[in-house]
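The values are calculated or read from the model by the stated rules, or taken from the named source; none is laboratory data. The model shown is predicted, which means the values in this text are computed figures rather than measured ones. So basically every Cβ, Gly included, is an ideal-geometry build from the backbone, and we count neighbours across all protein chains shown. Side chains are part of the model used for accessible areas, which takes the heavy atoms of the whole protein and leaves out ligands, DNA and RNA. Shrake-Rupley method; radii C 1.70, N 1.55, O 1.52, S 1.80 Å.
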Amino acid sequence: LKFKGETIECLNRKVRFGKLGLPESIVSNGREILAEPIKFVVERNMGQGTRGKSKGKLVSLSSQNASKKWLKRNDAVAEWQVKSSSDDFDLLVGTKMEFDGCITHSVTVKAKRNVSVRDIRLEVPIRKEVATYMMGMGWRGGKRPKEWHWRWDAKRPNNMVWVGDWD
């Protein structure tokens, strides 16, 4: 692994990480993978709207008060944690990148008080032209669907996904 500021390079790949520890840019073989930075989103429940649909308000998990702690940093592995908070939540993002380009994240969100949450999600905006195929998170594999909604199921180990192209 090679470190250049917030960018880590390996095997003709470059990953630039944002203040919360999530990728802002992923370049593989000269191709940008992300359409925009990856976002961790908490949406508070704001009651019922028109036609009985629930309304939500996005919680701003600011990077202004984020603190980063390195756990490992060498030629083979980079591992760190970022702590941040909002008025209602504490966020801990653990990131590990290995020499082969494998990146794993663990995200822990803790409410500081009793808060009604409508949704918690990780938004991974992959550019359409580099996401031809998909497998995982309940999708059997093949051409990537236009849209895919997945829900956590603690009884099934289906929390991984591969998205890519043949090139």
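Of note:
- Working note: Cα gyration tensor of the range 72-167, eigenvalues times five, square-rooted, sorted largest first, giving semi-axes of 27, 22, 12 Å.
- The Cα-based radius of gyration and maximum Cα-Cα distance (Dmax) for the chain are 17.5, 56 Å.
- Set of aspartates and glutamates with alpha-carbon distance to LYS143 below 18 Å, sequence-local pairs under 8 removed: GLU129, ASP165, ASP167
- Formal net charge of residues neighbouring GLU36 (Cβ-Cβ distance under 14 Å; K, R +1; D, E -1): +1
- Probe 1.4 Å, accessible area per residue of the chain, Å²: 69
- The separation of the range 136-152 from the range 58-132, counted between C-alpha centres, amounts to 22 Å.
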